[in-house]
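Asks: I have a structure I would like to understand better, so I am pasting it below and will then ask my questions one at a time.
Just so you know, all these numbers are worked out from the coordinates, no wet-lab data involved. Fair warning: this is a prediction, and the values are worked out from it, not measured in the lab. When we count neighbours, we look across all protein chains shown, and the Cβ atoms used for this are built from the backbone with ideal geometry, even at glycine.
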Amino acid sequence: MDRRKFLQTSAAFGLIAMLPASAKEGVGEQKPTVALIGTQFDLHIKKTWVNISGKPVLANTVNDMLPAPTLRWKKGDVVTLRVTNHLDEPTSLHWHGIILPFTMDGVPGVSFPGIMPGETFVYRFKVQQTGTYWYHSHTGFQEQTGLHGAIVIDDDIALDADRDYVVALYDWSDEDPDTIYRHLKLQSDYYNYHKRTIFDFTAEVRRWGLTEALQRRAMWNRMRMDDRDIADVTGATYTYCINDLQKHFYARPGEKVRLRFINQSAMTHFDVRIPGHKMRVIAADGVAVKPVEVDDIRIAVAESYDVIVVPKGDTLIYAEDMGRSGKVYAKLGPSVSANVPLPEPYPYEPLTMVDMGMGGMKMRGMKCGGAMHTMEPALPKPIPKTALPKKEGIAWTMHAMNPQYRLDDPGVGLRSVKRKVLTYADLETPGLENRYPDREIVMYLTGNMERYIWAINGIPYYESEPLEFRYGERLRVTFINDTMMNHPMHLHGMWSDLEIGDKIVRKHTINVQPGSKVSLRIDVDATGRWVYHCHLLYHMGGMFREVKVLS
Amino acid sequence: MKNLLFMSIFAIALFAGGGDVLRYQVLFDRFELQKSGTKVWDVRAYVGYDANKLYIYSEGEDSSWQNELVLSHAISPFWDIQAGIEVDYEERSKSFGEITLSGLAPYWIETRTKLLFGQGAVGVDFDFEYDTLFTQRLVLTSRIESRWMSKSIEDIGMGGGLNYIETGFRLRYEIRREFAPYIGVSFTKNFGQTKQLVGEQSESSLLVGVRFWF
């Protein structure tokens, strides 16, 4: 019996008083998440009772809050964050998307040794940016156990907004994350209850006839790829959450409401909408973008989007996971007791040949589906490439035959939605200088779903050498996704300017769709040691690299 | 001592968790009672990492069984090569060396193909399984297993040539992934010298069992 289960069971039988003092000391009850404002912050990482699924369990929290307190900073201030570890294991906090010296970045083993039990670590750095960000533990699977919260740095966009709310979306499980990971390792479809059945096949036979139905299946079956494998971890274990289970966001009709959506999930891409309303996207990953009006937004893990919505009355903030295994919603409007009907969930969509990297190709005379996407940037002169080590092996199952820039692809699950879905192609950061790249590296996102191994270039993190960036260079990074999963790639310490044709959008986390490629440009303007990784928590063990900036 | 403990936790907790962690699984793939009264088991257990694992396989009924101890090494995304020993028992026990190709074949067929050598004989043994989903929890496993030996090993009832073909269909309901009761039917047919040695002609049996793992 592990400690968490023991405490859980003990509590149920009223035995907590019999535990040694050290075990119950500092175990708090959950408090509502509040904003902490200023330059001095005392953050206590500790055990806290929470009740999310209907039964009390222990979470790891900051100051007994889940999500952790919202930190409000001002650009130009020097902030001091004293983080004390009351757990009996090491911990850390990483400020996601924040530009700072690498020793303040909070990655154990790279930026600093981590925060040992009983210790206090003092983070101090100057705030150089504005917008919506977040922070989370970077130790083990702690992020999944409750250590994540919002950062809001005052900016000068949407100053006329009447209301301003953080909307943190996340996935909670009562299961220990080590157990979730073990389940995935032993049976990677453990949480997938959307698998193909014999009746899916008979329906296809009725639709296309036996020969074509068999032909369509052949590629998948030969490659042992599953078109129903949208997400590794699903509503089968997750409860999807908004803030501290907040049920109502107050706003009067006609008011301009700024919603700061942050996907603080471990594993869940959310599709968000406000039924009957347009959302005006004003910032992505904290950075102002040319405003764009949309109906739906897919928020990849670790991304943030700021939107303006003007409620006409009582409505909902409605989010469902990409694999359609669950949903979460909260009321938005004047009345807490309004009876707002739930929208129809979007239909489940399986993956297509496009997600296998065969977009625009023809197989045996059959079109694989999907138009050719033309998002190639103009590259008037060749960019020197630095080859990286690669290893064909058990961590590299699939090779995308024709990976494309699918920046205008809403992605699996939203392709049949006949509304305006935000895609990367809609985004542009105005006023940025887009220097021509000095150098390029290509990274293949690879994996093995059967064995549940994730890697870059076929080499998992624990067998890899650090990537080398050169201080002062403009580096072009191209990712080719040789897997059937989405991978939100996050670089610490430096911005990523995503190429969208010849325009760019500045982000800290870039989702790479299955079988697709993306290119981005990085101003290597930070020294020290950083990391670059997929932000899906259970992919991070392998799809992860240390980055060394050479001066 | 305390520091050592912290350091070891620390080493594991670096960056994010996950990666290639040591793990184990014990799977009772078949654990059943056949209508004839025969009790059947088919268990596999491993401990290890992504690339290298130690496996124990045990398959048998009442008074005859095959146990294997093998080292398993991943050679490609879907395939493992395994090497070790198999001990067969039927009134007496005999040992064989084995080299096995285990993995997921195209079209999602779980396979184990085994080359046996020992007792002055060589043998080939294969075991294929295929799952058909009726619903997300109702799964039909079709299975075929067979063995061929180059010569008779009469002590343990193995004839030269084709020994037997065993097929089975088991319909399980996954109450949890880890626990699935099933009903099914199995057919066994002995051939050639084995038929003479063991005496059975062919046999079919209804069965009830439970598939579980931990």
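Asks: Would you compute, from DSSP H runs of 4+ residues alone, the mean residue ellipticity of chain A at 222 nm, taking -39500 (n - 2.57) per run and dividing by the full residue count, rounded to the nearest 500?
Replies: Calculated from helices alone, the mean residue ellipticity at 222 nm is -2500 deg cm²/dmol.
Asks: Report the semi-axes of the equivalent ellipsoid for segment B:77-166 in whole Å, largest first, where each axis is √(5λ) for an eigenvalue λ of the Cα gyration tensor.
Replies: Output for segment B:77-166: semi-axes of 29, 15, 11 Å.
Asks: Quick check: pseudo-label points 7 Å beyond the Cα along Cα→Cβ at residue B:206 and residue B:95, how many nm apart are they?
Replies: For the pair residue B:206/residue B:95, the computed spacing is 4.3 nm.
Asks: Across bins of 10 angstrom width beginning at 0, how are the C-alpha pair distances of segment A:350-503 distributed, in whole percent?
Replies: 9, 33, 37, 19, 2
Asks: If I model a spin label at residue B:167 and residue A:502 as a point 7 Å from the Cα along the Cα→Cβ vector, what separation in nanometres do I get?
Replies: Using points 7 Å along Cα→Cβ, the separation is 6.5 nm.
Asks: Turning to a different aspect of this structure: What's the Cα-based Rg to Rh of segment B:103-214, Rh via Kirkwood?
Replies: Taking Rg over the Kirkwood Rh, I get 1.05.
Asks: Report, in whole Å, the centroid distance computed from the Cα atoms of segment A:428-458 and segment A:209-266.
Replies: The distance from the Cα centre of segment A:428-458 to that of segment A:209-266 comes to 23 Å.
Asks: Would you mind computing, in nm to one decimal, how far apart the modelled labels at residue B:179 and residue A:218 are, each placed 7 Å from Cα along Cα→Cβ?
Replies: 4.4
Asks: Okay, next question. Specify the inter-centroid distance of segment A:269-332 and segment B:47-65, based on alpha-carbon positions, in whole Å.
Replies: Segment A:269-332 and segment B:47-65 have Cα centres separated by 50 Å.
Asks: Quick check: residue separation of residue A:387 and residue A:78 times 0.36 nm, minus the Cα distance between them. What number comes out in nm?
Replies: Taking residue A:387 through residue A:78 to full extension adds about 107.3 nm, to one decimal.
Asks: Semi-axes of the equivalent ellipsoid for the protein assembly as shown, please: Cα gyration tensor eigenvalues, times 5, square-rooted, ordered largest first, whole Å.
Replies: Working through the eigenvalues yields semi-axes of 49, 30, 27 Å.
Asks: Can you tell me what the convex hull of the Cα atoms of chain B projects to on average, as an area in nm²?
Replies: 15.0
Asks: Another question, if that's okay. By how many degrees, 0 to 90 and rounded to 10, does the Cα axis of helix B:2-13 deviate from the longest principal axis of chain B?
Replies: Helix B:2-13 sits roughly 70 degrees off the main axis of chain B.
Asks: Can you list the HN-Hα couplings for segment B:54-59, worked out from phi with the Karplus curve (6.51, -1.76, 1.60; θ = phi - 60°), rounded to whole Hz and with x for Gly and Pro?
Replies: 10, 10, 10, 10, 9, 9
Asks: What are the ³J(HN,Hα) values, in whole Hz, obtained from phi via the Karplus relation 6.51 cos²θ - 1.76 cosθ + 1.60 with θ = phi - 60°, for each residue of segment A:444-450 in sequence order, with x given for Gly and Pro?
Replies: Calculated HN-Hα couplings, in order: 8, 8, 10, x, 9, 5, 4 Hz.
Asks: I need the phi-derived Karplus couplings for segment B:27-42: 6.51 cos²θ - 1.76 cosθ + 1.60, θ = phi - 60°, integer Hz, Gly and Pro marked x.
Replies: Values, residue by residue: 10, 8, 5, 10, 8, 8, 10, 8, 4, 5, x, 5, 9, 10, 9, 8 Hz.
Asks: Over all residues in A:184-190, what is the mean tally of Cβ atoms on other chains that come within 10 Å of each residue's Cβ? Numbers along the way, then the final one.
Replies: Values: counts 1, 7, 9, 5, 0, 1, 3.
Mean shielding count: 4.
Asks: Report the full-extension gain for the segment residue A:402 to residue A:379: residue separation times 0.36 nm, less the Cα-Cα distance, to one decimal in nm.
Replies: Working it through step by step, the gained length comes to 6.3 nm.
Asks: Roughly how large, in nm² to one decimal, is the mean projection of the convex hull of the alpha-carbon atoms in segment A:228-283?
Replies: Numbers: hull surface 22.9 nm².
Mean shadow area of the hull around the Cα atoms is 5.7 nm².
Asks: Over all residues in A:379-385, what is the mean tally of Cβ atoms on other chains that come within 10 Å of each residue's Cβ?
Replies: 0
Asks: Let me ask another. Please go through the residue pairs A:312/A:517; A:185/A:390; A:517/B:53; B:35/B:195; A:185/B:195 and name each one whose alpha carbons sit more than 31 Å apart in this structure.
Replies: Where the Cα-Cα span goes over 31 Å, the pairs concerned are A:312/A:517; A:517/B:53; A:185/B:195.
Asks: Here's a follow-up. List the chymotrypsin sites (Phe, Trp or Tyr not before Pro) within segment A:375-432 that fall in a DSSP loop (any state other than H, G, I, E or B) and whose Cβ has at most 14 other Cβ atoms within 10 Å.
Replies: none
Asks: Also, quick follow-up: List the residues, sorted by chain then number, that are 5 or more residues from residue A:134 or on another chain and whose placed amide H is less than 5 Å from its amide H.
Replies: A:96, A:151
Asks: If packing is taken as the average number of other Cβ atoms within 10 Å across a peptide's residues, how do A:464-472, A:516-524 rank, most packed first?
Replies: A:516-524, A:464-472
Asks: Let me understand segment A:102-259 better: what is its radius of gyration from the alpha carbons, and its Dmax, in angstrom?
Replies: Rg, Dmax (Cα atoms, Å): 23.1, 67.
Asks: Sticking with this structure for a sec: Label 7 Å along Cα→Cβ of residue A:290; segment A:503-521 residues with amide nitrogen under 15 Å?
Replies: The answer is A:503-506.
Asks: Under 5 Å between amide H atoms, partner at least 5 residues away or on a different chain: which partners does residue B:138 have, H built in plane at 1.01 Å?
Replies: Distant-sequence amide H within range of residue B:138: B:174.
Asks: On a C-alpha basis, how far is the centre of segment A:496-537 from the centre of segment A:89-149 in Å? Whole number, if you could?
Replies: When both Cα centres are located, 20 Å separates them.
Asks: Compute the Rg/Rh shape ratio of segment A:110-153: radius of gyration over Kirkwood radius, all on alpha-carbon atoms.
Replies: My calculation puts Rg/Rh at 0.99.
Asks: From other protein chains only, count the Cβ atoms within 10 Å of every residue's Cβ in B:76-82, then give the mean. Intermediate values should be presented prior to the final figure.
Replies: On the way: counts 6, 17, 7, 1, 2, 0, 0.
That average works out to 5.
Asks: Same structure, new question: Hey, which aspartates and glutamates would be in cross-link range of residue B:151, C-alpha to C-alpha under 18 Å, not counting anything within fewer than 8 residues on its own chain?
Replies: By straight Cα distance, residue B:151 reaches B:86, B:88, B:90, B:98, B:125.
Asks: Between residue A:234 and residues 5 or more places away or on another chain, which pairs have amide H atoms under 5 Å apart, with H built 1.01 Å from N, and which residues are they?
Replies: none
Asks: Binning at 5 angstrom from zero up to the longest distance, how are the C-alpha pair distances of segment A:209-308 distributed in percent?
Replies: P(r) over segment A:209-308, rounded to whole percents: 2, 10, 15, 17, 14, 11, 9, 7, 7, 4, 2, 0.
Asks: What do you get for GluC sites (Glu not before Pro) in segment A:210-300 restricted to DSSP loop and a cutoff of at most 12 other Cβ within 10 Å of the site's Cβ? Don't skip to the end; give the middle numbers.
Replies: Values: sites: A:212, A:255, A:293; in loops: A:255.
Of the GluC sites (Glu not before Pro), not one in the loops of segment A:210-300 has a Cβ with at most 12 other Cβ atoms within 10 Å.
Asks: What percent antiparallel are the DSSP beta bridges of segment A:152-264, to the nearest 5?
Replies: Roughly 35 percent of the DSSP beta bridges within segment A:152-264 come out antiparallel.
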